[in-house]
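Q: Below is one structure. I have some questions about it.
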Amino acid sequence: MSQRRLLRGGHESHFRILPRFIQILHGRRHSRNNPRQICSDEIMHQDIIPLYAADIQDQLKKQFAYLSGGRGGDGCPVITFPDYPAFSEIPEKEFQNVLTYLTSIPSLRDAGIGFILVIDRRQDKWTSVKASILRIAASFPGNLQLVLVLRPTGFFHRALSDIAFKFNKDEFKMKVPIIMLGSVSELQGYIDKTQLTEDLGGTLDYCHNRWLSRRTAIEGFAQKVKQTAQILQSFGTELAETELPNDVQSTSSLLAAHTEKKDKMKEDIRLAVEQGDDILGSITKPVTENPEYKLNQDQLDNQTTVERLLAQLHETETAFDEFWIKHQQKLEQCLHLRNFEQNFREVKAALGIVSERLSAFTDVGNSCSHVEHILKDLANFEEKSRETIAKARMLASEGDAFIQSNHYAVDSIIPKCGELHHLCDALAAETEQRRNLLNKSLELHGLLEKSMKWCDEGIYLLASQPVDKCQSQDGAESALQEIEKFLDTGVGNKIKELNKIYREYAHILNEDLKEHVQKVFQKQESMEEMFQKRQVSLKKLAAKQTRPVQPVAPRPEAFVKSPCTSPGLQREYVSNSESSALRRVNYRRGKSEMTELHQSRGGSTMDDEENLAVLRQHVINELIETERAYVEELLCVLEGYAAEMDNPLMAHLISPELQNKKDILFGNMEEIYHFHNRIFLRELENYVEYPELVGRCFLDQMEDFQIYEKYCQNKPRSESLWRQFSDSVFFQECQRKLDHKLSLDSYLLKPVQRITKYQLLLKEMLKYSKNCEGAEDLQEALTSILGILKAVNDSMHQIAITGYDGNLNELGKLLMQGSFNVWTDHKKGHSKVKDLARFKPMQRHLFLHEKAVLFCKKREENGEGYEKAPSYSYKHSLNMAAVGITENVKGDAKKFEIWYNAREEVYIIQAPTPEVKATWVNEIRKVLTSQLQACREASQHRTLEQTQSLPLPASSCTSPSRNHIRNTKKIEERKADLTSLEGYGTTVAPKYPEKGKGWAKTAHSLDASEENDGWSSAEDPLNSSDAEEEGGGGGGEMKLTPGKYTVVTDYEKGVSEEFAVKSGDLVQLIREGEDGLWCVKNLSTGREGWIPANNLLMLIGNSKSAQSLSSSESGTASSTLSTSSSCSDSCNASSTSFSDIKG
């Protein structure tokens, strides 16, 4: 059925009621035999009564004619024309109006009999009488039955009237007799005295003003009734023709508007009834006051008219009320329908969301704890969706009630109710099905975990049996009993038939779960095989002991080599804290017993390997189990807290200040969760059978662990926000739903705790894998994880730097940070300031980046947690492109120097320990080396392009040994020397050492405390003049001078066959011989030999002789590794960007 037909059908009841209503409004025309009905009907219709008393009230007040209410013998109405001197002056229109009105008052029946006219002319003249009679005869609109004339009382006029009337009777042209009466007594002979007014000698109570007022009131009431009826008719038509709206708001507005109009109609009817009751009361008042009082016919007619009007008004009101009830019911049903339809749409959409969320519960879990978590989530989901389903069922019941109450739109409501019932039942059935599947999954995982636990206990039993005690017959029998007793416990713990498991749990077995079942079963079989081998060995020992035997434990091959050692651990979760604690106890106990067993066996290699394999297995088990628990905890926090912050149903519990702060509170926890859940945990599970190789897993994912740096950097903001809103009702409600004993802040600390846990587990694994294939990977993974922790720690300090105007990220990677005592010793400045600076150290926190070193002042903060962490106020920075270092400062092994711009600024740094100093010096050296190498490569490349076309200088070597020192790379070496000389016009740069070969160093003496080694990647003007002098403009070879040098590359053969030097050896150039040979002494071995000058240049590179160097600043010899100005230029190094030192 269409909506249009539905709306049209709703109007049918209106159209059935409307005709009767209109019929009542118009009134029924009765037979003329009912004069009262006819009278009221005449008043109700303007076409029959054209005049009302109110219209001609002034004319009626003249009283030249009136209807007293008296009746003749046969009930004829009596119209009296009293003595009115100005009768002849009455305008014709007024005269006609008054007569027409008076003749229209009696009923049609009485008017049909005829009127009796009483013309009182006792005080008038005959001429006036004649004129009055003629005028009345000519203008009277009704039927006449009798005309009674009271002639003038004067003698002359009486006689004249008698004569004139006789002779002029025909002039009156009246069809009724005209009787001339001489006195009132004669009049009473024609009309009863009781029907005559007092002025005509009768007793009829008549007051013209009262009669006029009553007639006006009755007619006004009749008009009121008629107008009310017409308004009701118009309103009823409007209601019947109103289109029913299609929405709730419009329907409510329409119902309110119609109700308002109805109330106004009812008020008008009430006022009309009051008006009629007042008129009726005034008519019957004489009877009420005097029961013996008799109402005249006119009064009785008025009473009947008013009563009929009141009755008709009541009947109209009743019909309207009946019509309104139907119409109101229709509108209310329409409103109910629109509300039902709107609620149906909303509920259907909500059910759709519930169904969509329910369909997401497809995972059957991968462990008992996981399934229990899913079941808990399902229960929470069911709790949340219960309100929606209850609303849907309530709406369906409401629709059923509409159907039972014969709602006009039954055809539209029935299918909607059916759909709601179907959706609710479907959701309930699907929820129950999901719950049953999860319960089945929980049951299966319970079996698997029991089997896994049984296998682990069996492996531990085998590993913990003291083999040395089994060499005796009693010890072997005791061990056999232990094994048999343990195997008896497998009846209720192990999987018996794999195919039966497949059949019973077929509807929940996906590929992953099926693979998990297979691995558990394989592990069970492997463990049973191990027990069988151990039983065979023990039975041989228990059977016969003829001689002492070496205590060697039977080593089942499956335990070490079988790929099924721990297949089921890939999907195992920590079910609860108790089981986790038990595993850790077993692990420690096993480790302790394995250690004791190792000591007691006296070095049995096979047994040691077996024990180490068990310990490695325990470590990998703990790593995977704790990883699963960690992933589950992250998911719990993200779903139970973070997701709830976006839940509209929980929005009212979140304070406005906490809204939109989810990213601050949780940081990048979601990114961490996805990494561990999707990548790292799955990769770890692949190494469960090969725990010694797990280092490779860490190395493959090491880059991804950088995400922890971002989380830790956000942790201070997160903790500050948590302290501010820890008492929030929102967090309390989330904690209640999750049934957590600990608050959210404990879980926000989990990522920080987890990243520090890995290095402990890697150390344990490395401890038991020293001779295994993956030991190097484990060591590298441990080093990398420690580097991650260091980077995280450094970044936490870096974000606390305040006052730095630039972007710290532009300074490159943060390499080191730490607190030091710092003295300054600058060339520029007042001498007193310099002296003061030498003796008063400053506390500075240094941050070493790839491109700059920052000096900051540490400031301790007050507060709690991370707010108590210090901040670092930026003071100044040094560009690493212009920095040099002096490794040792005389008098203190913990001090070193950082100098800037050729020692214009010198900073003496005192580390807390010599180890810290060594670490920092090495790191700075690496930075300077990398800068130097980059500059050298760029400059060599440019210089090589410029010198490739130059001729090589002639060799001065004429010695017969020339062929001995010549080799196939001579030309390349010469080119390299030329490139070095031309590219570095003011200094000789050393060849960059190979990895592991070290730096070229020399010292003034062999005493370490006297050394003052300097390193720089900037121009060194202290040595530039010497370099230029030796360089000869950059075109010749570098001249060698006697002195001590450090070898930068290996040299295995000299002129003397036994002489050889290695990288790092300290050599002394003694003298130059013939044919370009130099006598060289290896101070490390004490041997001497001859080396060609060209080869010597290659060996010592640009290493400086101790005697050729001097430093006016420190007063101690130093060897400075530096790049020339051309290097700085080629690398576009800017020493001015950081030279502006800020206090």
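The values are calculated or read from the model by the stated rules, or taken from the named source; none is laboratory data. Every value quoted in this text rests on a predicted model; they were computed, and no experiment measured them. Here the Cβ is made from the backbone with ideal geometry for all residues, glycine too, and neighbour counts use every protein chain on show. Surface areas here come from the heavy atoms of the whole protein model, side chains and all, with no ligands, DNA or RNA. Shrake-Rupley method; radii C 1.70, N 1.55, O 1.52, S 1.80 Å.
Q: Tyr206's amide H: which non-local residues (gap 5+, or another chain) put their own amide H closer than 5 Å, with H modeled 1.01 Å from N in plane and none for Pro or chain starts?
A: For Tyr206, the qualifying residues are Glu198.
Q: Which shape class, rounded, prolate or oblate, goes with the stretch 375-522 when its Cα gyration tensor gives a ≥ b ≥ c as root eigenvalues, a/c under 1.5 marks rounded, and past that a/b bigger than b/c marks prolate?
A: The shape class here is prolate.
Q: Please express the Cα-Cα pair-distance distribution P(r) of the stretch 204-360 as a list of whole percents, one per 10 Å bin, running from 0 to the bin with the greatest distance.
A: 9, 27, 19, 15, 12, 8, 5, 3, 2, 0, 0
Q: Given axes a ≥ b ≥ c from the Cα gyration tensor, I'd like to know whether the stretch 740-824 is rounded (a/c under 1.5), prolate (a/b larger than b/c) or oblate.
A: Cα axes put the stretch 740-824 in the oblate bin.
Q: Once amide H atoms are built 1.01 Å from N in the peptide plane, which residues 5 or more positions from Gly69, or in another chain, come under 5 Å H to H?
A: For Gly69, the qualifying residues are Val78.
Q: Then there is this: Restrict the search to the stretch 844-943; then list the trypsin sites (Lys or Arg not before Pro) that DSSP places in a loop and that have at most 14 other Cβ atoms within 10 Å of their Cβ.
A: Lys890
Q: Apply the Karplus curve 6.51 cos²θ - 1.76 cosθ + 1.60, θ = phi - 60°, to the phi angles in the stretch 777-794 and return the couplings in whole Hz, x for Gly and Pro.
A: 5, 4, 5, 5, 5, 4, 4, 5, 5, 5, x, 4, 4, 5, 4, 5, 5, 4
Q: At 1.4 Å probe size, with the rest of the protein present, what percent of the exposed accessible area of the stretch 668-767 is carbon and sulfur atoms?
A: Roughly 45 percent, rounded to a whole number.
Q: About the Cα centre, and with charges only on the beta carbon of Lys, Arg (+1) and Asp, Glu (-1), how big is the dipole of the stretch 346-480? Nearest 20 debye, please.
A: Values: 14 positive and 22 negative charges, 59 e Å.
Dipole size: approximately 280 debye.
Q: Here is a follow-up. Holding the Cα-Cα limit at 23 Å, pick out from Lys790/Lys851; Lys496/Lys519; Lys875/Lys895; Lys384/Lys450; Lys851/Lys917; Lys715/Lys750 the pairs that are longer than that.
A: Lys384/Lys450
Q: Next up: Using θ = phi - 60° and the Karplus curve 6.51 cos²θ - 1.76 cosθ + 1.60, what whole-Hz ³J(HN,Hα) does each residue of the stretch 232-244 get, with Gly and Pro shown as x?
A: Using θ = phi - 60°, the values come out as 4, 5, 5, 5, x, 5, 4, 5, 5, 9, 6, 6, 6 Hz.
Q: While we're on this one: What is the ratio of the Cα radius of gyration of the stretch 614-757 to 2.2 N^0.38 Å, with N the residue count, to two decimals?
A: Values: Rg = 17.0 Å, N = 144, 2.2 N^0.38 = 14.5 Å.
After normalising by residue count via 2.2 N^0.38 Å, the value is 1.17.
Q: How high is the relative contact order of the stretch 207-315, given as a whole-number percent (alpha carbon pairs under 8 Å, six or more residues apart)?
A: 37
Q: So, one more: Taking only protein heavy atoms and a 1.4 Å probe, what accessible area per residue, in Å², does the stretch 465-528 have with all protein chains in place?
A: Accessible surface, normalised per residue, equals 56 Å².
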